[in-house]
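J.: Sending over a structure as structure tokens; questions will come in a sec.
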Amino acid sequence: QVQLVESGGGLVQSGGSLRLSCAASGSIFSIGAMGWYRQAPGKQRELVAVITSGGSTNYADSVKGRFTISRDNAKNTVNLQMVGLKPEDTAVYYCNANGRTSDYAGWRSYWGQGTQVTVSS
């Protein structure tokens with residue numbers, strides 16, 4: 001199993017910045033794409049940003065130009081730098097990763113426990 005642990009959430013004012021981090025651990029054989037999702041109260045979980053093992057990125061239109069996703073393959077970590085935060089960004093942010101372990105040949109999707117981001121106006 002692969003465990004994902006997020007950190008860096010908190011309460012910030014509109015226009016502020018936060019940096020979220022996610023560390024993967026466990027019997028990791030390989031980690032492919034990693035991403036960040038968020039879920040606001042009463043809404044579906046949505047993709048925020050994704051980054052492949054090769055470094056290609058994609059962002060939700062709502063965060064383009066404000067959020068930057070990055071990863072360190074050697075450390076099995078993925079980060080989300082968020083600037084110009086808006087109240088609409090308030091949500092629980094979840095780390096996601098596709099990975100393989102030594103006890104399973106296929107790819108599985110793993111999720112972190114989530115970290116709360118609250119942006120006040």
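The values are calculated or read from the model by the stated rules, or taken from the named source; none is laboratory data. Keep in mind that what you see is a predicted model, and the values were worked out from it rather than measured. FYI the Cβ positions are ideal-geometry reconstructions off the backbone, even for glycines, and counts take in every protein chain you see. The protein model used for the area step is the full one, side chains on, heavy atoms only, and it has no ligands, DNA or RNA in it. Shrake-Rupley method; radii C 1.70, N 1.55, O 1.52, S 1.80 Å.
J.: Has region 100-118 got any residue that is open to solvent by less than 40 Å² (accessible area, probe 1.4 Å), at pLDDT below 95 and not hydrophobic (A, V, I, L, M, F, W, C)?
T.: yes
J.: Here is a follow-up. Out of the residues in region 62-91 that are open to solvent by 40 Å² or more (accessible area, probe 1.4 Å) and β-branched (Val, Ile, Thr), state the one that is nearest to Val12 (Cα to Cα).
T.: The extreme case among them is Val83.
J.: Restricting the first residue to region 74-95 and requiring it to be touching a residue at least 40 places away in the same chain (Cβ under 8 Å) and under 19 Å from Arg45 (Cβ atoms), which pairs with a second residue that is of a type in the set (Asp, Glu) and open to solvent by 40 Å² or more (accessible area, probe 1.4 Å) meet a Cβ separation below 9 Å and a spacing of at least six or different chains?
T.: Val78/Asp72; Ala91/Glu46
J.: Then there's this: I'd like the full set of residues that are open to solvent by less than 60 Å² (accessible area, probe 1.4 Å), over 21 Å from Val92 (Cβ atoms) and either touching a Pro at 6+ places or on another chain (Cβ under 7 Å) or not polar (S, T, N, Q) (or both), limited to region 16-57.
T.: Matches in region 16-57: Gly26, Ile28, Ile31, Gly32, Gly55.
J.: Give me the pairs: first residue in region 101-120 and under 18 Å from Tyr37 (Cβ atoms), second residue of a type in the set (Phe, Trp, Tyr) and open to solvent by less than 20 Å² (accessible area, probe 1.4 Å), beta-carbon distance under 6 Å, and six or more apart or on different chains, which are they?
T.: Note: pairs meeting the criteria are Thr115/Tyr93; Val117/Tyr93.
J.: Would you mind stating whether Val5 is in a strand (DSSP E or B), in contact with a strand residue (DSSP E or B) (Cβ under 6 Å, 6 or more places away or on another chain) and open to solvent by 60 Å² or more (accessible area, probe 1.4 Å)?
T.: yes
J.: Quick check: anything in region 21-33 in a loop (DSSP other than H, G, I, E, B) and closer than 15 Å to Leu80 by Cα?
T.: no
J.: Another question, if that's okay. Specify which of the listed residues (Val78, Val63, Val117, Val92) is closer than 15 Å to Glu6 by Cα and out of contact with any Phe, Trp or Tyr (no Cβ under 8 Å at 6 or more places or on another chain).
T.: Val92
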